[in-house]
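Read the structure below first, then the notes.
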Amino acid sequence: MKVAALVALALSAVLVGATCVPLIDLDAGNRVDPTSKLAVSAMKPAVSRAVPSGAQIEIEWTAVNLTGDDAVGTVIVRSRKDFSDTILEGGLRLPESGGSRIVTWDTTGFEGGEYSILVRVEAGTRTAEDSAPGRITINTPPSLEFTEPTEDVVLGAPQPDPNDPNQTIESDSVTIRWTSFDPDGDGNASISVDPDLDHESGNETVIKEVAIPAEAGFDSMAWDGTDVEGQRVDPDTYHVFASISDGLNEARFVDGLATITVPAEPNEPNEPNYTLAITEPAEDTEFLRGTDPLKITFTLDEPNSVLVDIEVDPDDNHRNGNERTILSQRLVDPNTHEDSFEWGGLDSDDKPIVDGIYRLLLIVNRGSSVPQIVESDALVFRRGLEGQPLITLLEPATDKTVKAGDFVFIKWRDEDPDESASIRLFLDDDDTPLEQIETGDPEIEILPDPREAAGDGVLDTFNYRVESSLAPGRYYIFAYIDRDDAEPIDDFAIAGGQIVIEDPNAGG
């Protein structure tokens, strides 16, 4: 609106002559002198907002110059903390009658705080200046630094006496100390332990959640070898680290100074050490239709009542939605060390589980936080007939957005006692394999040559390169295993993730 008013009024000035130039900024309370021949309007940022450090801010402005002199523009960032100015762009020469410009402000290196954006235009002895409507607040990333332990320690071993470094004291915990600071007051940290230095591999354990203070200070915890839920971690040597974030800046990791070794706890004499586990079946097991139920045994050691689910999963990603519950919400009493369930081949809604290769999952809900999941070491081969070839797709387990030329990693597990079946892979634009009447385009075979199946649930892979002939859309991946390439197919599988090809023309 401000720009339209400036341009329209400038054009009218040209028509009536340079002696009467009614330049008035209608949206800024007539901040522009009505007799001026030079005006500027800063339009963007249009609204105030907070941004992470390093954000790119678009600054848009326009100017009208009817002075007859050359006009030069300057874009300035002004700190609202101390009103110091930083010139982002200077010496921007404008066309004879004015013009519009867009400047990008890289906030990297600027201190946290609120800033206003000013645009100044000079022509001859005249100067015009305007501030953008929106102010930018740069959010300072939180910081954290570990101070103890400074040397590798063993949990339960004698620790240095904080009052006398020459003495040691018996302790069943290790003190972890750190300093932290977030001037914006919205930072948080997860103090965690990890047996390796890859803090995104999934084997990390959170031991404490803390808020990072707005004023720099010390904090600490006495770690006794348990996680945030009070469960003891596995015996191992752990690196201490923190994941810090504030919801705006990108989360980052901070490593500690030393490792902490958690030894195995000694068992009481004649007392078994119960852990959360599926103990039976203990090895890969065939489960034929029409036979006796499959006995599933699990162990646990809980001081309170818990709810237990058992699921079967065709792949190794246990959170992508293709898991099927076969035992739902069984209440297990406190101090129960072993329980079992006889599975007849149906899910918890009494619907049959299709033939395939499955891993058993035990899910324990303690009434707070995220339920704990453990998987069986053994696989279950659910078959309609003895010796039937089976297949399951493991990757992609989640959706993959791709374009022509990209590679999609496909991984499967097959089980053929006779090792005489072959495997074929297909893409389809609907989710129905072996469709008698195609509802969309027909299936597309993507594996150049059928693969030979094997026994014992072996793994195989294929890197599929996305073809340019595929239209934008969602594609399902099917795997077929068969001995004679005739109907009916012995078994099939659907990947948990789909290939998504975006339309390059979508969104204009």
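Read the figures in this text as sums done on the coordinates, not as results from a lab. Only a predicted model underlies this, so the values are computations on that prediction, with no experimental measurement involved. Because the Cβ atoms are built from the backbone with ideal geometry, glycine has one as well, and the counts that use them run over all protein chains shown.
The percentage of C-alpha pairs in the stretch 264-334 whose separation is greater than 19 Å is 52%. What are the lysines whose alpha-carbon lies under 21 Å from the alpha-carbon of Lys351, with same-chain residues fewer than 8 places away excluded? Qualifying lysines at Cα under 21 Å: Lys295. Net length available on complete extension from Ser201 to Ser100 is 31.4 nm, with 0.36 nm assigned per residue and the Cα-Cα distance removed.
For semi-axes √(5λ) of the Cα gyration tensor in Å, the value computed from the atomic coordinates appears in the list [x] 40, 24, 24; [y] 61, 39, 18; [z] 44, 37, 18 under label [y]. Placing a label point 7 Å from the Cα of Asp301 along the Cα-to-Cβ direction, the residues of the stretch 323-361 whose backbone N falls under 11 Å from that point are 337.
The Rg/Rh ratio for the stretch 143-262, using Cα coordinates for both the radius of gyration and the Kirkwood hydrodynamic radius, is 0.98. The value for the stretch 193-346 of Rg(Cα) / (2.2 N^0.38 Å) is 1.36. Put simply, the C-alpha atoms of the stretch 390-501 give a gyration tensor, and the ellipsoid matching it has half-axes of 23, 16, 11 Å, longest first.
Look at the alpha carbon pairs under 8 Å that are at least 6 residues apart: their mean separation over the length of the chain gives a relative contact order of 9 percent.
Be a star and scan the stretch 107-129 for residues whose amide nitrogen sits under 14 Å from the point 7 Å along the Cα-to-Cβ vector of Ser48. Residues 113-117 fall inside that zone. Report the local net charge at Ile278: Lys and Arg +1, Asp and Glu -1, summed over other residues whose C-beta lies under 9 Å from its C-beta. It works out to a net charge of -3. Computed extension gain for Asp456 through Leu434, at 0.36 nm per residue and net of the alpha carbon distance, reaches 5.3 nm. Multiplying the residue separation of Ala251 and Asp377 by 0.36 nm and subtracting their alpha-carbon distance yields 42.0 nm. Annotation for the stretch 388-418: trypsin sites (Lys or Arg not before Pro) lying in DSSP loop with at most 14 further Cβ atoms inside 10 Å of their Cβ are Lys403. Taking a sphere under 10 Å around the Cβ of Trp105 and counting the other residues whose Cβ falls inside, with K and R at +1 and D and E at -1, yields a net charge of -3.
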